[in-house]
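Novice: My questions all concern the structure below.
The values are calculated or read from the model by the stated rules, or taken from the named source; none is laboratory data. In this text the structure is predicted, and so the values were computed from the model without any measurement. Note that each Cβ is placed from the backbone with ideal geometry, even for glycine, and that neighbours are counted across all protein chains shown. SASA here: full protein model, heavy atoms, side chains in, ligands and nucleic acids out. Shrake-Rupley method; radii C 1.70, N 1.55, O 1.52, S 1.80 Å.
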Amino acid sequence: MLTRLQDDLTTSMKAGKPERVGALRFLIAAVRNAGIAKYGAQWETKLTDADVMDVVKKQVKTHKESIDAFEKAGRAELAAKEQTELAVLQEYAPKEL
């Protein structure tokens, strides 16, 4: 799953999609941080797809909360930015029933 994220990041960079690049970079950094926190120096070999999915779910939840907060505060431009990043994250999130 991490490899897929990195490949999509490269593709998005070549396609010139800055919003998508930013969201993917942030997600990859969060996955790396979670892997290091859980597995230490061997995170690259021990990281599982389930670990990546946990981070994606957490990021989706955080973005939804941020959108609500920005909309309540009347910050439509920030809410729109979060919505764009949320759309990218939901591509990698597990499908809900």
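Novice: From the list Glu71, Glu91, Glu65, which residue is modelled with pLDDT under 95 and of a type outside the set (A, V, I, L, M, F, W, C)?
Specialist: Going through Glu71, Glu91, Glu65 in turn, just one is modelled with pLDDT under 95 and of a type outside the set (A, V, I, L, M, F, W, C): Glu91.
Novice: While we're on this one: Restricted to segment 61-84, and to residues that are assigned to a helix (DSSP H, G or I) and more than 19 Å from Arg20 (Cβ to Cβ), which residue is farthest from the chain's Cα centre (by Cα)?
Specialist: Here the answer is Lys72.
Novice: Could you grab the pairs with beta carbons closer than 7 Å, sequence gap of 6+ or different chains, first residue in segment 36-47 and hydroxyl-bearing (Ser, Thr, Tyr), second one assigned to a helix (DSSP H, G or I) and modelled with pLDDT under 95?
Specialist: So the pair list comes out as Tyr39/Lys46.
Novice: Give the number of residues within segment 32-74 that are over 20 Å from Leu2 (Cα atoms) and exposed (fewer than 14 other Cβ atoms within 10 Å of the Cβ).
Specialist: Residues that pass the stated criteria total 6.
Novice: Would a scan of segment 87-95 turn up a residue that is in contact with a His (Cβ under 8 Å, 6 or more places away or on another chain), surrounded by 15 or more Cβ atoms within 10 Å (Cβ to Cβ) and part of a helix (DSSP H, G or I)?
Specialist: Within segment 87-95, one or more residues are in contact with a His (Cβ under 8 Å, 6 or more places away or on another chain), surrounded by 15 or more Cβ atoms within 10 Å (Cβ to Cβ) and part of a helix (DSSP H, G or I).
Novice: Mind checking which pairs have a first residue in segment 4-18 that is open to solvent by 90 Å² or more (accessible area, probe 1.4 Å) and a second that is β-branched (Val, Ile, Thr), Cβ under 7 Å, 6 or more apart or different chains?
Specialist: That search, which allows pairs on different chains as well, returns Met13/Val21.
Novice: Only helices (runs of 4 or more DSSP H) wholly contained in segment 1-50 count here; list those with 3 or more residues that are closer than 24 Å to Ala80 by Cα and not aromatic (Phe, Trp, Tyr). It would help to see each step written out before you state the result.
Specialist: Values: elements: 2-15, 18-39, 43-46.
Answer list for segment 1-50: 2-15, 18-39.
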